Amino acid sequence: MKELPPLREVIARHGLSASKALGQNFLLDEQLLDRIARVPGSLEGEHVYEVGPGPGGLTRALIRAGARVTAVERDHRCLPALAEIAEAAPGRLRVVEGDALSLDEMETVGAGAHIVANLPYNVGTALLVRWLGGEAWPPWWKSLTLMFQQEVAQRIVSQPGSSAYGRLSVLAQWRSDAKLALKVHRSAFVPPPKVMSAVVHIVPAEAPDGVSATCLEQLTGAAFGQRRKMLRRSLDGLPGAVEALETLGIQSDRRAETLSVAEFVAIARELSART
């Protein structure tokens with residue numbers, strides 16, 4: 001990649017500012033960006049899917065790491081800055097203008113890409129749930145390296161009994177390995193957000209047999225939607241769920257946050273067998 005001007009200079013020249021409406025916060029620290037680009041492992045010759053690149057700080061780091069990048073950006077103001085990167089690294093960056101939530105990713109990216117993104121705060125969780133969902137497994141992506149608010153990141157990797165443990169924890173851990181890879185101080189962003197951030201790394205693992213992903217999503221949605229209630233109350237509206245607890249010997253007076261991922265999988269398997 002040909003040498004590019006500093007990101008701050010590019011942002012100033014194009015009159016860019018982070019949009020609250022789009023959940024943007026720009027990362028400018030090249031050393032930090034290079035550390036994030038190393039989280040998935042070697043990206044030499046790999047295909048990376050990036051959502052919300054903004055002016056392209058992480059995009060530059062991914063290309064420096066040897067990746068070919070497909071970047072989806074909704075904010076048309078950032079397209080000229082991204083075009084400069086594409087020009088400096090011929091054949092290494094393809095920019096798609098659009099909303100990542102409405103794209104057909106297999107059509108846009110194809111199978112076998114690593115997803116690496118400083119996700120816009122307002123769509124991050126919705127995208128994660130989509131990427132973790134679906135009946136087909138292994139998924140179309142190789143790994144997820146995603147920046148979230150630290151509170152959300154903790155939910156993804158939390159264990160039973162923790163106040164942060166919830167639906168995201170189960171969905172991220174029942175057929176994937178999820179870990180907190182890197183904490184990022186709020187001062188690293190422009191403008192600084194009110195909260196700390198963290199990078200989560202998720203790699204697909206073997207999916208348990210006989211479990212419908214849709215069934216598990218419905219189960220965890222019901223259980224944690226009323227997390228302060230006992231399971232016999234929170235799962236009352238999910239046909240067969242309370243009976244599944246009895247079959248498995250799981251006490252119905254427990255609360256969702258006390259169940260292990262394996263117990264949720266067992267309940268979902270029991271429900272899946274009944275449908």
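Out of the residues in region 25-49 that are polar (S, T, N, Q) and out of contact with any strand residue (DSSP E or B) (no Cβ under 6 Å at 6 or more places or on another chain), which is surrounded by the most Cβ atoms within 10 Å (Cβ to Cβ)? I'd like the intermediate steps shown before the answer.
Going through region 25-49, the residues polar (S, T, N, Q) turn out to be 25, 31, 42.
Add one more test, that the residue is out of contact with any strand residue (DSSP E or B) (no Cβ under 6 Å at 6 or more places or on another chain), and what stays is 31, 42.
Working: 31: 7, 42: 10.
My answer is 42.
Consider residue 52 carefully, then state whether it is at pLDDT below 95, touching a strand residue (DSSP E or B) at 6+ places or on another chain (Cβ under 7 Å) and open to solvent by 20 Å² or more (accessible area, probe 1.4 Å). First the steps, then the outcome.
Numbers: at pLDDT below 95: yes; touching a strand residue (DSSP E or B) at 6+ places or on another chain (Cβ under 7 Å): yes; open to solvent by 20 Å² or more (accessible area, probe 1.4 Å): yes.
Yes.
So, residue 151, is that one without any contact (Cβ under 8 Å) to a residue 12 or more places away in the chain and loosely packed, with under 14 Cβ neighbours inside 10 Å or not? Reasoning before the result, please.
On the way: without any contact (Cβ under 8 Å) to a residue 12 or more places away in the chain: no; loosely packed, with under 14 Cβ neighbours inside 10 Å: yes.
Considered against the rule, which asks whether it is without any contact (Cβ under 8 Å) to a residue 12 or more places away in the chain and loosely packed, with under 14 Cβ neighbours inside 10 Å, residue 151 comes out as no.
Being modelled with pLDDT under 95 and open to solvent by less than 10 Å² (accessible area, probe 1.4 Å), is that true of even one residue in region 132-147?
yes
Which condition does residue 247 not pass, out of (1) more than 30 Å from residue 32 (Cα to Cα); (2) buried (at least 17 other Cβ atoms within 10 Å of the Cβ), if it passes all the others?
It fails just one condition, (2).
The values are calculated or read from the model by the stated rules, or taken from the named source; none is laboratory data. These figures come from a predicted structure and were not determined experimentally. Heads up, the Cβs are rebuilt from the backbone with ideal geometry, glycines too, and the neighbour counts pull from every protein chain shown. Quick note on the areas: whole protein, heavy atoms, side chains included, nothing else; ligands and nucleic acids left out. Shrake-Rupley method; radii C 1.70, N 1.55, O 1.52, S 1.80 Å.
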